[in-house]
Amino acid sequence: MESVMEIGKKLVELVNEGKSGVAIDTRYSPDIVSIEAMAMPPRPQQFVGLAAVKEKAEWFESNHDIHHLQATGPWPHGDRFITCFKLDVTAKTGPMAGRRFTMEEAALYTVKNRKIVKEEFFYSRGG
């Protein structure tokens, strides 16, 4: 049986290989709950279910040119682990359209029955 550390390592590995979609398909529970640090209207703060999380990821990828994405960690604690991400992107739409920027975020993942059942993102939009 995979440990929380092994699940986290596999997630980091897949993200760093450019296979975030595979990570979602193979590592996430069908009942996954994804919570962003804040709502970004018209997008909600919380997404429930595998289809909603896949749609969120597809929306991000189709609305940004992703120049670089790096994941680090994991740092496990009981049934949870933290992973950090560094992104270098150019927005295609919205108020940042055409602007290239970098961002860092941390994510806290909760694991049950060898699947990620919850992801919570932490970041600042500045200010």
Quick one: Thr26 ticks every box in (1) β-branched (Val, Ile, Thr); (2) surrounded by fewer than 17 Cβ atoms within 10 Å (Cβ to Cβ); (3) touching a Leu at 6+ places or on another chain (Cβ under 7 Å) except a single one, so which number is it?
-> (3)
Restricting the search to the range 75-119, which residues are touching a residue at least 24 places away in the same chain (Cβ under 8 Å) and in contact with a Cys (Cβ under 8 Å, 6 or more places away or on another chain)?
-> Glu105, Ala106, Ala107
Number of the condition not met by Trp75 [criteria: (1) under 21 Å from Glu6 (Cα atoms); (2) in contact with a strand residue (DSSP E or B) (Cβ under 6 Å, 6 or more places away or on another chain); (3) surrounded by 15 or more Cβ atoms within 10 Å (Cβ to Cβ)] = (3)
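Results for (1) small (Gly, Ala, Ser); (2) over 19 Å from Ser124 (Cα atoms), shown as yes or no for each residue.
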residue	(1), (2)
Val22	no, yes
Tyr28	no, yes
Asp31	no, yes
Ala51	yes, yes
Trp59	no, yes
Cys84	no, no
Arg99	no, no
Thr110	no, yes
Are there any pairs with C-beta distances below 7 angstrom linking a residue in the range 1-15 that is in contact (Cβ under 8 Å) with a residue 40 or more places away in the chain to a residue that is among the acidic types (Asp, Glu), with the two at least 6 apart or on different chains, and if so which?
-> Val4/Asp79
Going by the conditions given, is Val33 in a helix (DSSP H, G or I), out of contact with any helix residue (DSSP H, G or I) (no Cβ under 8 Å at 6 or more places or on another chain) and touching a residue at least 40 places away in the same chain (Cβ under 8 Å)?
-> no
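Which residues, counting only those in the range 36-50, are in contact with a strand residue (DSSP E or B) (Cβ under 9 Å, 6 or more places away or on another chain) and outside any strand (DSSP E or B)? Quick ask: steps written out before the conclusion?
At the first step, the residues of the range 36-50 found to be in contact with a strand residue (DSSP E or B) (Cβ under 9 Å, 6 or more places away or on another chain) are 36-37, 39, 45-50.
Across the range 36-50, the qualifying residues are Glu36, Ala37, Ala39, Gln45, Gly49, Leu50.
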Sole residue being buried (at least 16 other Cβ atoms within 10 Å of the Cβ) and more than 18 Å from Ala23 (Cα to Cα), chosen from Val117, Val53, Val89, Val111 = Val89
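Values in this text are rule-based calculations from the coordinates and carry no lab data. These figures come from a predicted structure and were not determined experimentally. Don't worry about glycine lacking a Cβ; one is built from the backbone with ideal geometry, like all the others, and counts go over all protein chains shown.
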